[in-house]
Amino acid sequence: MAKKKAGKKMNKKDLSAVLQSFFQTNPSQTYSFKQIFKMLKLNTHPLKMLAIDIMEEMAWDDYLTKVSENSYRLNTKTQLQEGVFRRKSNGKNSFVPDDGSLPIFVAERNSMSALDGDRVQVAFMARRTRHMKEAMVTAILERARDTFVGKLQVEADIAFLLVQDNLLSQDILIPKNKLKGGTTGEKAVVKITQWPDGSHKNMIGEVVDVLGEQGDNDVEMHAILAQYGLPYRYPKHVEEAAEKINAEITEQDLAEREDFRDVFTCTIDPKDAKDFDDALSVRALDNGHWEVGVHIADVSHYVTEGSVIDKEALKRATSVYLVDRTIPMLPERLCNFICSLRPDEDKLAYSVIFEMDDEAVVHNWRLVHTVIRSNRRYAYEEVQAMIDESKRGITPNSNNSSTATSQADANNLSTCQLVNSSTAKTSFDENTPMLLKLDALAKKLREVRFNNGAVKFDREELRFDIDETGKPIGCYFKKSLDANQLIEEFMLLANRTVAEGIGKVKKGTKAKTLPYRIHDQPDQTKLETLREFVVKFGYKLKTAGTKGAISRSLNALMDDCNGRKEQKLIETVALRAMMKAKYSTHNIGHYGLAFDYYTHFTSPIRRYPDTIVHRLLTRYQQGGRSANQDHIEELCEHSTDMEIIASNAERDSIKYKMVEFMGDKVGNVYDAHISGIQSYGIYCEIDDNHCEGLVSMRDLDDDYYDFDERNYCLVGRRHHHKYQLGDPIRIKVASTNLEKKQIDFVLDK
């Protein structure tokens, strides 16, 4: 640390020396403005502003690296660096360094025709006076992809693939003998066979699949999948392998498992679900407690590690859910039939059995392989109706409350007596008391979880009703209600419990390898930005203290802004401060759920990490040694990557259906709110249907607007009119473009 301390009378030269010494003493650390001001005791506003100016100059001179808008670290980089190239359709390409520092501009002439996502090596260019820092691509280390989706254009001598996103430096040339029968206007998948080099500047490719005519629903959905490298057909040889699996439950299977076929068991899923991978059982115990079983499809019993089916499942790593279809991780015979916990069929399961009291305190638990028989398949809507009716004072038995079914009734239910009802017709059936008991226990679990610091983010999701051709005919919002939360809480409990069973070991003992689902604490810099932002609306937020204190402060903020004009705005900014959850063998806990140990155990039909967890738990129960951590970590990274890709494909399918849904509504006027602010315009979300479109900057013709990225707003220079995230706005639908998945709005003046 510099000998001379910062003080009220520091001049620029002295403060520069203090800052220089400070960063040299801590060469690997990144510091925010707030940390720097505190550590150097810069207590006055002029000193703080002077320090910011000096650090900006130091970054300009490459002495410091600007990590974010309000944080810096010492620049220890060489002139050559590796990272990811990001291509922009507006020509503002950038290089994103591996060390996490801010992106650096790459002009098109210096890009070596690198494509978006390519891993590259760059050299930093000498900075011109009053110009931004620039880099030049010197080598393309790894291509992000070699397959592209687009529209064919066939001419007399040559053919091209026209890619819609404009992120290619040029169209792909296709020799006419490599068209595979494709014609002009058809969508196709093309694989690059020759990249640009010193002898030629074009990419050359060949058609690997002709998808069909643009606008056809299947073609468009397949194009979305192909764009992300996701499969849209199941390999025939894998399906044939699934057909050969023996689905019979043998006497040996029964002898090796606990039998739950006589215990009330049910599944609760979306109304259109076909793969039922979890079921709940419940029964009263003689000691006054409840036994709740979380039963999960025993996929690993049928899918052996290294088999043809397993290799395909690993490659996919997850099922993909587009608006109108599911692309399953497993062959249909497995996911919808053999493994699916269908009602009135004996099924093999891997189960976590809990002994709980009426306060949902777990007294004992065990992990066992079981055989079950689901008594009933419920849709969420059916169970929600039961819960809603119980809230209105309608009960399934005149002697019982909706939340405390007696043990005698729980063990001897044949009819439902209805009281306090104006009509004899209700949603209740003979299982209602059991379901209401599960709901009551789930509510207790949820209450404890939030008291322990779990973060509340219940966002509505846009969903579409579609006709037989795939055309959207209506939309609705998917919101988590009591019935959804009932299932959610028991799945969370099972996932947490089995993770603790492996990871929570005595001090000095090393835990065996397991794929954890981890979620890091919020980005401190973004959290501080959120705090500064919400202060303007009169809210408070803690950004220092324990994890629990910060999460409780976040929850208080969400509660305080609920129902107010700025709610969506604050939720959006708060979500941006959150880190992304991922899979890893290196456990750091799950911040959002406030769990020290958490894994994914409950969905092996649709998530490959759950299958890994099942196999490892079985292995460890049988006394097996710990799995190779490096190998499992590789599987975790692959699964995380595929989860992100699947999520992007799902989002694109929603965008496509959104544009299709609004296609016949051009000219209509709607109330909306501003959902995004960019330098090129404002994104607006219609209040009635959540469809989102863009009001381009060129249509804001009443003033010249500056983009205030920090405060999420556009501000007019002359009239100082402000467009801010979350503001209500009245818009008119100007146009829709299915090919670009884009809706254009104009202001309704």
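The values are calculated or read from the model by the stated rules, or taken from the named source; none is laboratory data. The structure displayed is predicted, hence computed values, not measured ones. Cβ: placed from backbone, ideal geometry, glycine included. Neighbour counts: every protein chain shown. To get the accessible areas, we keep the full protein, side chains included, count just its heavy atoms, and leave off ligands, DNA and RNA. Shrake-Rupley method; radii C 1.70, N 1.55, O 1.52, S 1.80 Å.
Filtering segment 233-288 to residues that are touching a residue at least 24 places away in the same chain (Cβ under 8 Å) and of a type in the set (Ser, Thr, Tyr) leaves Tyr234, Thr265, Thr267, Ser281. Exactly one residue out of Val746, Val715 is over 30 Å from Val163 (Cα atoms), at pLDDT 90 or above and either open to solvent by less than 70 Å² (accessible area, probe 1.4 Å) or in contact with a helix residue (DSSP H, G or I) (Cβ under 9 Å, 6 or more places away or on another chain) (or both), and it is Val715. Within segment 613-624, track down each residue that is in contact (Cβ under 8 Å) with a residue 24 or more places away in the chain and out of contact with any strand residue (DSSP E or B) (no Cβ under 9 Å at 6 or more places or on another chain). Val613, Arg615, Leu616, Tyr620, listed by residue number. Against the conditions (1) surrounded by 16 or more Cβ atoms within 10 Å (Cβ to Cβ); (2) over 25 Å from Pro331 (Cβ atoms), Lys540 satisfies every one except (1). Only one of the numbered conditions (1) out of contact with any Asp or Glu (no Cβ under 9 Å at 6 or more places or on another chain); (2) closer than 30 Å to Met221 by Cβ; (3) of a type in the set (Asp, Glu) is not met by Glu305, and that is (2).
Is it the case, given these coordinates, that Leu569 is surrounded by 18 or more Cβ atoms within 10 Å (Cβ to Cβ) and either charged (D, E, K, R) or in contact with a strand residue (DSSP E or B) (Cβ under 9 Å, 6 or more places away or on another chain) (or both)? Taking the combined requirement at face value, the residue satisfies it. Quick check, is Lys542 more than 24 Å from the chain's Cα centre (by Cα) and under 23 Å from His690 (Cβ atoms)? No, not satisfied. Of the strands (runs of 3 or more DSSP E) lying entirely inside segment 643-749, those containing at least 3 residues that are within 20 Å of Leu462 (Cβ to Cβ) are 669-678, 681-686, 692-696, 728-737, 742-747. Check segment 243-265 and report whether any residue there is in contact with an Asp or Glu (Cβ under 6 Å, 6 or more places away or on another chain) and farther than 18 Å from Cys335 by Cα. No, that holds for no residue.
If you go through segment 722-743 and pick out every residue that is among the polar types (S, T, N, Q) and buried (at least 20 other Cβ atoms within 10 Å of the Cβ), you end up with 1. Among the residues of segment 421-438, at least one is among the hydroxyl-bearing types (Ser, Thr, Tyr), modelled with pLDDT of 90 or more and within 17 Å of Thr265 (Cβ to Cβ). Of all residues in segment 309-326, those that are crowded, with 18+ Cβ neighbours inside 10 Å and hydroxyl-bearing (Ser, Thr, Tyr) total 2.
For segment 8-34, the tally of residues that are surrounded by 12 or more Cβ atoms within 10 Å (Cβ to Cβ) and either free of Cβ contacts under 8 Å to residues at least 12 places away in the same chain or farther than 25 Å from Leu527 by Cα (or both) stands at 10. Residues in segment 336-386 that are in contact (Cβ under 8 Å) with a residue 40 or more places away in the chain, under 17 Å from Val292 (Cα atoms) and open to solvent by 70 Å² or more (accessible area, probe 1.4 Å): Asp358, Glu359, His363, Trp365, Arg373, Asn375, Arg376. Checked against the criteria, Tyr656 does not count as without any contact (Cβ under 8 Å) to a residue 60 or more places away in the chain, in contact with a Leu (Cβ under 9 Å, 6 or more places away or on another chain), among the aromatic types (Phe, Trp, Tyr) and open to solvent by less than 50 Å² (accessible area, probe 1.4 Å).
The rows are residues; the columns are (1) in a loop (DSSP other than H, G, I, E, B); (2) of a type in the set (D, E, K, R).
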| position | (1), (2) |
| --- | --- |
| Lys506 | yes, yes |
| Lys512 | yes, yes |
| Pro522 | yes, no |
| Arg531 | no, yes |
| Gly548 | no, no |
| Arg552 | no, yes |
| Ile588 | yes, no |
| His600 | yes, no |
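Scan segment 661-678 for residues that are touching a Phe, Trp or Tyr at 6+ places or on another chain (Cβ under 9 Å) and buried (at least 16 other Cβ atoms within 10 Å of the Cβ) and the total you get is 6.
Where strands (runs of 3 or more DSSP E) fall entirely within segment 42-98, those with at least 3 residues that are hydrophobic (A, V, I, L, M, F, W, C) are at 80-86.
Ile502 passes every criterion in (1) of a type outside the set (Lys, Arg); (2) in contact (Cβ under 8 Å) with a residue 60 or more places away in the chain; (3) closer than 30 Å to Lys657 by Cβ apart from (3). Scanning segment 429-462 for residues that are touching a residue at least 60 places away in the same chain (Cβ under 8 Å), open to solvent by less than 60 Å² (accessible area, probe 1.4 Å) and not in a helix (DSSP H, G or I) turns up Asn431, Gly453, Ala454, Val455, Phe457, Leu462. Answer with yes or no whether His301 is modelled with pLDDT of 95 or more, closer than 30 Å to Asp358 by Cα, touching a His at 6+ places or on another chain (Cβ under 9 Å) and open to solvent by 10 Å² or more (accessible area, probe 1.4 Å). Considered against the rule, which asks whether it is modelled with pLDDT of 95 or more, closer than 30 Å to Asp358 by Cα, touching a His at 6+ places or on another chain (Cβ under 9 Å) and open to solvent by 10 Å² or more (accessible area, probe 1.4 Å), His301 comes out as no.
Looking only at segment 498-530, count every residue that is over 29 Å from Val294 (Cβ atoms), open to solvent by 70 Å² or more (accessible area, probe 1.4 Å) and modelled with pLDDT of 85 or more and tell me the total. Show your work before the answer.
Just the residues of segment 498-530 that are over 29 Å from Val294 (Cβ atoms), to begin with: 507-508, 522-530.
Cutting the leftovers down to open to solvent by 70 Å² or more (accessible area, probe 1.4 Å) gives us 507-508, 524, 526.
From what is left, the residues that are modelled with pLDDT of 85 or more are 507-508.
The total comes to 2.
Residue-level check: of (1) touching a strand residue (DSSP E or B) at 6+ places or on another chain (Cβ under 9 Å); (2) more than 21 Å from Asn711 (Cβ to Cβ); (3) in a helix (DSSP H, G or I), Ile518 misses just (3).
Pairs meeting the criteria (first residue in segment 723-747 and of a type in the set (Gly, Ala, Ser), second residue at pLDDT 90 or above and open to solvent by 30 Å² or more (accessible area, probe 1.4 Å), beta carbons under 8 Å, at least 6 apart or on different chains) are Ala734/Val666; Ala734/Asp744; Ala734/Val746; Ser735/Val666; Ser735/Asp744.
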